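Trainee: Below you will find the structure I want to go over with you.
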């Protein structure tokens with residue numbers, strides 16, 4: 001198979017941001033989230049609408065919290081994270097952040113574009129990960145309220161982390177009755193590569209509550225991209241048939257995660273890109289996640305071609321997150337909609353090149369619902 005081409009400052013009064021569009025159903029508030037050491041102020045926006053409440057900070061565009069109800073109507077926060085800005089700055093394994101300029105890995109921090117070789121920031125052994133040492137997760141975005149949400153913008157200058165072209169990136173977070181919508185845009189003044197995503201760690205039982213091994217996952221993909229020992233794709237698109245990577249039907253994550261499989265050994269669990277069964281550009285369901293105790297269901301829908309499922313293998317109990325809860329191994333999982341890792345170095349992968357005059361645009365929706373207990377009516 002081949003494919004072409006300091007915590008919430010509650011003492012600061014919240015400012016109600018009235019949408020210019022009368023039909024908007026989301027209540028948006030803004031408050032201070034402290035400031036960086038250089039004095040740059042950071043804000044946090046709270047979006048409340050329908051059954052969902054999301055808190056998003058301008059530092060890294062991070063989804064700090066995401067509260068959704070369980071089958072009994074009790075809301076809880078289902079993403080891992082911190083209570084304070086200082087914790088995000090000091091040690092953040094990308095909790096909830098916007099990832100760019102290039103999500104996932106680029107081998108040896110190098111790629112060739114239009115005959116010129118570019119060296120980008122290496123921060124994962126000899127490879128570049130999630131945009132380098134100062135990716136989009138570590139910058140302050142400009143924010144403004146829009147209908148049912150906020151719009152974040154960041155201008156990454158030519159040469160930033162070694163990438164060519166001045167890239168203007170925009171991310172919109174909006175709420176509907178039962179979903180968080182994430183829409184990504186980018187333009188450039190010079191040919192470059194771009195691959196934007198969000199790196200939220202989900203635990204549908206509630207953040208800091210047990211592991212994700214009993215969650216049941218379905219991924220609409222019949223192939224995945226195997227990796228080498230440094231988690232760089234080999235270039236192969238391998239069938240999931242007969243492997244622990246077959247999630248075409250809903251399967252408990254813990255069922256085969258510790259199997260004696262070469263790819264699981266290399267990833268220390270799941271940390272791979274699935275090749276979604278879809279038409280390029282079509283908006284479809286990529287995955288469905290179900291937590292049996294609470295009944296919460298998360299559907300991930302996207303226009304993207306790939307999905308990185310990461311099972312929180314490098315969490316190790318050294319991080320204390322929100323409400324003082326410790327995050328042990330596999331206490332959260334990521335479902336990152338994306339183009340494929342290291343695509344600039346694999347001509348058979350879908351292209352991530354963006355040229356002047358073109359517009360990068362992808363959409364991902366996180367839709368929440370609940371399922372009744374087995375046997376209930």
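Trainee: If I model a spin label as a point 7 Å beyond the Cα along the Cα-Cβ vector, how far apart are those points for residue 185 and residue 285 in nm?
Mentor: The two pseudo-label positions are separated by 3.0 nm.
Trainee: Between residue 29 and residue 258, what length comes free when the chain is fully extended (0.36 nm per residue of separation minus the Cα-Cα distance, one decimal in nm)?
Mentor: 78.1 nm
Trainee: Over segment 15-370, what relative contact order in percent results from Cα pairs under 8 Å that are six or more residues apart?
Mentor: 17 percent
Trainee: Hey, fewest Cβ within 10 Å first, where do 300, 155 land in order?
Mentor: 155, 300
Trainee: For segment 45-117, count the residues as N, evaluate 2.2 N^0.38 Å, and divide the Cα radius of gyration by that value, please.
Mentor: That works out to 1.53 for segment 45-117.
Trainee: Here is a further query. Provide the gained length on full extension for the span residue 318 to residue 355, in nm with one decimal, where the gain is 0.36 nm per separating residue minus the Cα-Cα distance.
Mentor: 9.1 nm
Trainee: I need 148, 114, 124 ordered by Cβ neighbour count within 10 Å, fewest first.
Mentor: Taking fewest neighbouring Cβ atoms as first place, the list is 114, 124, 148.
Trainee: Rounded, prolate or oblate: which fits segment 142-230 when a ≥ b ≥ c are the square roots of the eigenvalues of the alpha-carbon gyration tensor, with rounded for a/c under 1.5 and prolate only if a/b beats b/c?
Mentor: oblate
Trainee: Once both labels are modelled 7 Å past Cα along the beta-carbon direction, what's the residue 326-residue 243 spacing in nm?
Mentor: Result for the modelled spin labels: 3.5 nm.
Trainee: Using the C-alpha gyration tensor of the chain, what are the square roots of 5 times its eigenvalues, in whole angstrom, with the largest one first?
Mentor: 29, 27, 20
Trainee: Here is a follow-up. Compute the projected area of the convex hull of the Cα atoms of segment 250-296, averaged over all viewing directions, and report it in nm² to one decimal place.
Mentor: One quarter of the hull surface, i.e. the mean projection, equals 4.7 nm².
Trainee: Could I ask something else about it? Taking the Cβ-Cβ separation of residue 153 and residue 210 as r and a Förster radius of 25 Å, what is the calculated FRET efficiency to the nearest 0.05?
Mentor: That gives a FRET efficiency of 0.10.
Trainee: Over the C-alpha atoms of segment 319-372, what are the Rg and the largest Cα-to-Cα span, Dmax, in Å?
Mentor: Cα only, segment 319-372: 18.1, 50 Å (Rg, Dmax).
Trainee: Further question on the same structure: Which distance in Å, rounded to a whole number, links the C-alpha centroids of segment 82-138 and segment 292-361?
Mentor: For segment 82-138 versus segment 292-361, the Cα centre distance is 13 Å.
Trainee: Using 1/(1 + (r/R0)^6) with R0 = 22 angstrom and r between the beta carbons of residue 86 and residue 142, what's the FRET efficiency to the nearest 0.05?
Mentor: Taking R0 as 22 Å, the efficiency between residue 86 and residue 142 is 0.50.
Trainee: What distance in nm separates the two pseudo spin-label positions at residue 177 and residue 372, each 7 Å out from Cα along the beta-carbon direction?
Mentor: About 1.9 nm separates the two model spin labels.
Trainee: Please give the FRET efficiency for residue 119 paired with residue 348, using the beta carbon to beta carbon distance and R0 = 25 Å, rounded to the nearest 0.05.
Mentor: Plugging the Cβ-Cβ distance into 1/(1 + (r/R0)^6) gives 0.60.
Trainee: Something else: Using only the alpha-carbon atoms of segment 99-205, report the extent along each of the three principal axes, biggest first, to the nearest angstrom.
Mentor: 47, 36, 22
Trainee: I would also like to ask the following. According to the square roots a ≥ b ≥ c of the eigenvalues of the Cα gyration tensor, what is the shape class of segment 171-275, taking rounded for a/c under 1.5, prolate for a/b larger than b/c otherwise, and oblate for the remainder?
Mentor: Cα axes put segment 171-275 in the oblate bin.
Trainee: Still on this structure, I have one more. Can you put 172, 105 in order of Cβ neighbours within 10 angstrom, beginning with the fewest?
Mentor: 172, 105
Only the coordinates and a few stated rules stand behind these numbers; no lab work does. Worth saying up front: this structure is predicted, and the values here are computed from it rather than measured. Backbone-built Cβ (ideal geometry, glycine too); neighbour counts: all protein chains shown.
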